[in-house]
Amino acid sequence: MTYELASFWTFAAVTVLAALGVISLRNPVHAVLSLVLAFFSAACLWLLLQAEFLGVVLILVYVGAVMVLFLFVVMMLDINIAPLREGFIRHVPLALVVAVVMAAEMIMLLSGKRFEAGLSGSDPAAAVGKTNIQWLGETLFSQYILPFETAAVILTVALVVAVMLTLRRRPGTKHQDPARQAAVRREDRIRLVKMPAEGGQEGKQ
């Protein structure tokens, strides 16, 4: 087994394990850390396959934007995160494990020789005389258009389901009804009550 193939299987195994941790861990903080590790391992796979643009975009866009969206959805689901904020030191061991694994992947990726040919034996972009980004765009929207559209539909469904979860009726929570608020009349908002004036303490005596 070559060094490139061993690195590929290592990154792939870490990606799968981290993805399983995202969907199996009950603590949202631990799930976020697992998702960061999954994104980073996938970026290492892209770099190993000579797709530097995808690797950089995966780190900048997904770790920078999708992670924020993930936390935003967690907050929208009305999860009681007050206990999670208490004892922040409890999350440090898992964070250290994630950091050590990411450092090991970086060392594995950079310590070996430059992967000039990648796993396929040749650079497909250079073979057709195009840049990596140009070849990637043409290949993605021509040969792999069906998986690309399928992934887009799955992400759209996930977003719709997240919104539906936030709108579900839960006991003990208050909800607004815009139709009833718009149909209210002036008489329903305020009522004038006429009460007789009362004398002071001297009048009572």
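The values are calculated or read from the model by the stated rules, or taken from the named source; none is laboratory data. What you see is a predicted model; the values in this text were computed from it and never measured. Because the Cβ atoms are built from the backbone with ideal geometry, glycine has one as well, and the counts that use them run over all protein chains shown.
Miscellaneous remarks
- Taking the criterion of being more than 25 Å from Glu4 (Cα to Cα) and buried (at least 19 other Cβ atoms within 10 Å of the Cβ), the residues of the range 33-74 that qualify are Leu33, Tyr62.
- Condition broken by Val61, with the remaining ones in (1) more than 14 Å from the chain's Cα centre (by Cα); (2) at pLDDT 80 or above satisfied: (1)
- Within the range 159-180, the presence of at least one residue that is touching a helix residue (DSSP H, G or I) at 6+ places or on another chain (Cβ under 6 Å), modelled with pLDDT under 80 and under 25 Å from Leu69 (Cα atoms) is confirmed.
- Any hit, the range 32-51, residues being assigned to a helix (DSSP H, G or I), farther than 16 Å from Met102 by Cα, in contact with a helix residue (DSSP H, G or I) (Cβ under 7 Å, 6 or more places away or on another chain) and not hydroxyl-bearing (Ser, Thr, Tyr): no
One line per residue, one yes/no per condition, for (1) modelled with pLDDT under 85; (2) aromatic (Phe, Trp, Tyr); (3) over 24 Å from Thr166 (Cα atoms):
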{"residue": "Val32", "(1), (2), (3)": "yes, no, no"}
{"residue": "Met67", "(1), (2), (3)": "yes, no, no"}
{"residue": "Gly87", "(1), (2), (3)": "yes, no, yes"}
{"residue": "Ala103", "(1), (2), (3)": "no, no, yes"}
{"residue": "Leu109", "(1), (2), (3)": "yes, no, yes"}
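- The condition (being modelled with pLDDT under 85 and aliphatic (A, V, I, L, M)) is satisfied by just one residue among Ala152, Ala117: Ala117.
- Considered as a group, the residues in the range 1-30 that are surrounded by 17 or more Cβ atoms within 10 Å (Cβ to Cβ), closer than 14 Å to Met106 by Cα and not hydroxyl-bearing (Ser, Thr, Tyr) include one that is modelled with the lowest pLDDT, and that residue is Phe8.
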